[in-house]
1. Being among the hydrophobic types (A, V, I, L, M, F, W, C), buried (at least 20 other Cβ atoms within 10 Å of the Cβ), free of Cβ contacts under 8 Å to residues at least 60 places away in the same chain and not in a strand (DSSP E or B), is that true of even one residue in segment 79-90?
2. Please determine, by comparing only the residues of segment 13-43 that are within 26 Å of the chain's Cα centre (by Cα), buried (at least 17 other Cβ atoms within 10 Å of the Cβ) and of a type outside the set (Gly, Ala, Ser), which one is farthest from Cys158 (Cα to Cα).
3. Do you know which of the residues in segment 170-199 that are open to solvent by less than 30 Å² (accessible area, probe 1.4 Å) and β-branched (Val, Ile, Thr) is farthest from Val69 (Cα to Cα)?
4. If you check Gln110 against the conditions, is it among the polar types (S, T, N, Q), surrounded by fewer than 20 Cβ atoms within 10 Å (Cβ to Cβ) and assigned to a helix (DSSP H, G or I)?
5. Given the criterion part of a helix (DSSP H, G or I), at pLDDT 70 or above and open to solvent by 70 Å² or more (accessible area, probe 1.4 Å), identify the matching residue among Lys207, Lys215.
6. Residues in segment 48-75 that are open to solvent by less than 10 Å² (accessible area, probe 1.4 Å), in a helix (DSSP H, G or I) and within 15 Å of Arg181 (Cβ to Cβ): how many?
Amino acid sequence: KCMEQTDDDMHKMLCANVHLGSTNSDYQMLQYVWKRTPTGVHLINLKKTWDKLLLAARVIAQVKNPEDVIATSLHRFGHRAVLKFCVATGCTPVTGRFTPGTFTNQITAQFKEPQLLIVTNPRIDHQPVTEASYANIPVIAFCDADAPMRFVDIAIPCNSRAAHSIGVMWWFLAREVLRLRGVVSRDRPWEIMPDLYFHREAKDMHKEEQEEAAKDEEKAPGFADWDPTVGGASTGLSAAGQVTDWAADTQQWEAEAGTDWGGAAASTQW
């Protein structure tokens, strides 16, 4: 019962469009499709998505050394999510271009012998999935409605093309793995937000930084905000912040200048 899907988890999936599949479908993925809309979009059964997510989390948690689990994503939408997942769980990330022979060629510097492979999209990540089949490595994949199921051992049905959907699914997988390991309690929500797993474009980040800098400049006090009436008593000004009579000060200076400083000095006995 504690591992059942909550309303908050369902709300996150719906907001991230996890249930929206592609217009095409693979015959092996039809068992995860709830129905098809009039526009031709296949709707994925989120109950089955949650069940397969928990199954994948159990398999990952059973691996003694987390570094023997490789999480990969060749698509840019999954780079940030994979890196965040590996930071949270201790797995090994492989993002960007996958070097052919990483699992099969021992001469290469990038050679690895993982016990488990997690891919974001089996269609895009076909190279690591194919090499994993040569080395008898189990494969966990986030599969869309039209994803090929060949060499995939555990398929998690979801929308594996949208940035928010990919980020939410990796976030759910990381949270469930940490809960099974006992790192995160099920009694309280995980403090890491799903937004950290979302892909962000560089131009959008630069635009946000410029907007924040403009707001800071508006809030910063400038010369136009200076009030000359403030602190008038300490500067010798009047209550209105102005000198009352400049001529009186001038006459006083002339009187002081007319005194006989030399006579006073001569009369002094050294």
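1. Initial filter on segment 79-90 (among the hydrophobic types (A, V, I, L, M, F, W, C)): 81-83, 85-88.
Add one more test, that the residue is buried (at least 20 other Cβ atoms within 10 Å of the Cβ), and what stays is 81-82, 85-86, 88.
Narrowing the set further to residues that are free of Cβ contacts under 8 Å to residues at least 60 places away in the same chain leaves 86.
Within this subset, residues satisfying the condition of being not in a strand (DSSP E or B) are 86.
Yes, the conditions are met somewhere in segment 79-90.
2. Taking the candidates together, the pick is Met13.
3. Filtering segment 170-199 down to residues open to solvent by less than 30 Å² (accessible area, probe 1.4 Å) leaves 170-178, 184, 190, 194, 197.
In the following step, the residues that additionally are β-branched (Val, Ile, Thr) were identified as 177, 184.
Numbers: Val177: 12, Val184: 20 Å.
Looking at residues that are open to solvent by less than 30 Å² (accessible area, probe 1.4 Å) and β-branched (Val, Ile, Thr), I get Val184.
4. Details: among the polar types (S, T, N, Q): yes; surrounded by fewer than 20 Cβ atoms within 10 Å (Cβ to Cβ): yes; assigned to a helix (DSSP H, G or I): no.
Judged against the criteria, Gln110 is not a match.
5. Numbers: Lys207 fails: at pLDDT 70 or above.
Residue meeting the stated conditions: Lys215.
6. So the count comes out to 3.
The values are calculated or read from the model by the stated rules, or taken from the named source; none is laboratory data. It should be emphasised that the depicted structure is a prediction, and the values quoted were computed from it without experimental measurement. When we count neighbours, we look across all protein chains shown, and the Cβ atoms used for this are built from the backbone with ideal geometry, even at glycine. We work out accessible area using only protein heavy atoms, side chains counted, and drop any ligands, DNA or RNA first. Shrake-Rupley method; radii C 1.70, N 1.55, O 1.52, S 1.80 Å.
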